[in-house]
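Pasting a structure below so you can have a look.
Throughout, read-outs are computed from the coordinates displayed, never taken from laboratory work. Because the structure is a prediction, the values reported are computed rather than measured. Positions of Cβ are backbone-derived with ideal geometry, glycine not excepted, and every protein chain shown enters the neighbour counts.
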Amino acid sequence: MTNFGRVFGTPKPVIAMVHLGALPGAPLFDADAGLDGIIEAARADLAALQAAGVDAVMFGNENDRPYEFDVDRASLATMAFVIGKLRDEITVPFGVNVLWDPTSTIALAAATGAAFCREIFTGTYASDMGPWTPDAGAAMRYRARLGRSDCLMLYNVSAEFADSVDKRSLADRARSAVFSSIPDAVLVSGAITGEAARMEDLEAVKAVLPDTPVLANTGVKHETVADVFAIADGCIVGSSLKVDGNTWKAVDPERATDFMDRARAAR
């Protein structure tokens, strides 16, 4: 069994996002609600997702706009604190993503015992945040130094909020990333959070990576999950499970349950 199969234990897993509220230091942080507000909102979303039967959850700081490449230490510490408070309530495999900071993502995975992490680990991009040049070699070595070589690395190879300066095709960049960096899975995204990856991009990447799990990373909807699963090896989903399909709202238990019913039927 692959490491991917070992962690998720099911074909074509659905990894659902627990979007934490804006963290201390971020412009949108709600000082009145404070840390208790972040914890209780995350607790409610986690409970709703697990009740719906998702295969895994991932904690992320999507609300920390505008995003950073070198994340504030207070943000990282708060994410660890929140996950720690919820740790005994998590019944499925969980992962982490600290946008857009590979080193902080791995540090958080090590601190919380996460089974997997997601980030942009390879490539060169022009982005909303400025020039973007992640270092997969440094990230992988940091993971090894922290003793977490068991933590799955999910590589997003089509960055949101950015355009690749490397003008090779997405399929060629994905194939190169697998050869040079040894990810456990490759993720294909749309242009921004909640926007679907193009089906032709999923098809092209999967065609050149038949032995590597390829997941749709953004924009999978109730009406498209079956088509996505006809190509991809799973998906990461957030916005579609929220009230009104709105990224910034709470998880809607009915929408989450309906999505999982369709996902199970599709696989």
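Taking every DSSP beta bridge that has both residues in the stretch 11-266, what percent is antiparallel when rounded to the nearest 5?
Once the DSSP bridges in the stretch 11-266 are tallied, antiparallel ones form about 20 percent.
Which cross-chain or sequence-distant (5 or more) residues have an amide H under 5 Å from the amide H of residue 17, H modelled 1.01 Å from N in plane?
58, 237, 238
Please enumerate, by chain and number, the lysines with C-alpha under 28 Å from the C-alpha of residue 167, excluding those fewer than 8 residues away in the same chain.
206
Estimate the FRET efficiency between residue 181 and residue 30 by the formula 1/(1 + (r/R0)^6), using the beta-carbon distance for r and 35 Å for R0, to the nearest 0.05.
0.40
So, one more: Straight-line reach from residue 242: which lysines fall under 18 Å, measuring Cα to Cα and dropping same-chain residues less than 8 apart?
Candidates past the 8-residue exclusion: 221.
Run the numbers on the chain and let me know its relative contact order in percent, using alpha-carbon pairs under 8 Å that are six or more apart.
On the way: 546 pairs, mean separation 47.9, N = 267.
RCO, the chain: 18 percent.
Residues with amide H under 5 Å of residue 187's amide H, sequence separation 5 or more or different chain, H placed in the peptide plane at 1.01 Å from N; which?
155, 156, 157, 215
Still on this structure, I have one more. By average Cβ neighbour count within 10 Å, what is the ranking of 7-14, 51-58, 93-100, 123-130 from highest down? Could you put the intermediate results ahead of the total?
Values: 7-14: 19.2, 51-58: 20.8, 93-100: 24.9, 123-130: 15.4.
The densest-packed peptide leads the list: 93-100, 51-58, 7-14, 123-130.
Still on this structure: Provide the net charge surrounding residue 3, with neighbours chosen by a C-beta distance below 12 Å and charges set as Lys +1, Arg +1, Asp -1, Glu -1.
Local charge sum for residue 3: -1.
Looking at the P(r) of the stretch 11-266, how many percent of alpha-carbon pairs lie beyond 25 Å? Working shown, then result.
Details: 12693 of 32640 pairs.
Tail of P(r) above 25 Å: 39 percent of Cα pairs.
Roughly how many debye, to the nearest 20, is the charge dipole of the chain about its Cα centre, given +1 on each Lys and Arg Cβ, -1 on each Asp and Glu Cβ, and no other charges?
Result for the chain is approximately 800 debye, rounded to the nearest 20.
Before anything else, pin down the relative contact order of the stretch 91-239: Cα pairs under 8 Å, at least 6 apart, normalised by residue count, whole percent.
Relative contact order, the stretch 91-239: 17 percent.
If we restrict to alpha carbons, what Rg and Dmax does the stretch 116-233 come to, in Å?
14.0, 43
Please report how far the C-alpha centroid of the stretch 111-136 lies from that of the stretch 175-210, rounded to the nearest whole angstrom.
Here the answer is 14 Å between Cα centres.
What 222 nm value per residue comes from the helices of the chain, counting each DSSP H run with n ≥ 4 as -39,500 (n - 2.57) and dividing by all residues, nearest 500 deg cm²/dmol?
Computed ellipticity for the chain at 222 nm equals -11500 deg cm²/dmol.
Show me 15-21, 147-153 ranked by packing, highest mean number of other Cβ atoms within 10 Å first.
Ranking the peptides 15-21, 147-153 by packing returns 15-21, 147-153.
So for the chain, taking the charge dipole from beta-carbon charges (+1 Lys/Arg, -1 Asp/Glu), which of 193, 161, 217 sits furthest toward the positive end?
Comparing the listed Cα positions along the dipole, 217 ranks first.
Hey, how many Å between the Cα centroid of the stretch 16-71 and the Cα centroid of the stretch 237-267?
If we compute the Cα centre of each part, the gap is 16 Å.
A further question on this structure: Of 237, 265, 139, which is farthest along the charge dipole of the stretch 122-267 in the positive direction, counting Lys and Arg as +1 and Asp and Glu as -1 at C-beta?
Farthest towards the positive pole: 139.
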